[in-house]
Amino acid sequence: MSEHDAHTGDENVFEISDLFCSRQLENGAFPQYMQTRIHQNYFHVRGTAKIAEVLSSAICVAKKNQDVTREQTYRNALEYALQWICSMQYTNETMFFIRPTIRPILHGGFCHDYRNPDAWVDANAHMLLA
């Protein structure tokens, strides 16, 4: 890979990550539809966790390029996203509405979104990768 290709790749990472940061919601999550703020009323753990993965990589790219401003912007967005994701994690305190027989299976998983209590295994995987 040439130096030009690496630079272009870095710029792509920055362009995508800047878009994500500009769309982050007040609660730390990211909307399902990034093209418009009109659809920002639906967001879920899996999508936000996937974006958290991208932001983790973007922090590394910004650090490599000594772009302190972007590195801090991405770090702040990542931390805020992770706080929201963690608020959606099933713990002993947050599973009060789940049948006791199912609680051991869900413990540590993440509620899909505010309307859907399903726990998707890929939400955990994206969170761990981030």
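In table form, for the structure just shown:
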{"item": "First in segment 97-115 and free of Cβ contacts under 8 Å to residues at least 12 places away in the same chain, second anywhere and surrounded by fewer than 11 Cβ atoms within 10 Å (Cβ to Cβ) and not charged (D, E, K, R), Cβ under 7 Å, 6 or more apart", "result": "none"}
{"item": "Failed criterion for residue 40 (all others in (1) open to solvent by 40 Å² or more (accessible area, probe 1.4 Å); (2) at pLDDT 85 or above; (3) in contact with a Leu (Cβ under 9 Å, 6 or more places away or on another chain) hold)", "result": "(2)"}
{"item": "Condition met for residue 30 (within 20 Å of residue 129 (Cβ to Cβ), surrounded by 16 or more Cβ atoms within 10 Å (Cβ to Cβ), in contact with a Lys or Arg (Cβ under 7 Å, 6 or more places away or on another chain) and modelled with pLDDT under 95)", "result": "yes"}
{"item": "Single condition residue 126 does not satisfy, out of (1) touching a Cys at 6+ places or on another chain (Cβ under 9 Å); (2) buried (at least 16 other Cβ atoms within 10 Å of the Cβ)", "result": "(1)"}
{"item": "Within segment 42-85, tally of residues that are under 10 Å from the mean Cα position of the chain (by Cα), among the charged types (D, E, K, R) and farther than 22 Å from residue 121 by Cα", "result": "0"}
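The values are calculated or read from the model by the stated rules, or taken from the named source; none is laboratory data. Just so you know, these numbers come straight off a predicted model, no measurement behind them. Using ideal geometry, Cβ is built from the backbone for each residue, glycine included, and neighbour counts are taken over all protein chains shown. The area values use the complete protein model at the heavy-atom level, side chains included, leaving out ligands, DNA and RNA. Shrake-Rupley method; radii C 1.70, N 1.55, O 1.52, S 1.80 Å.
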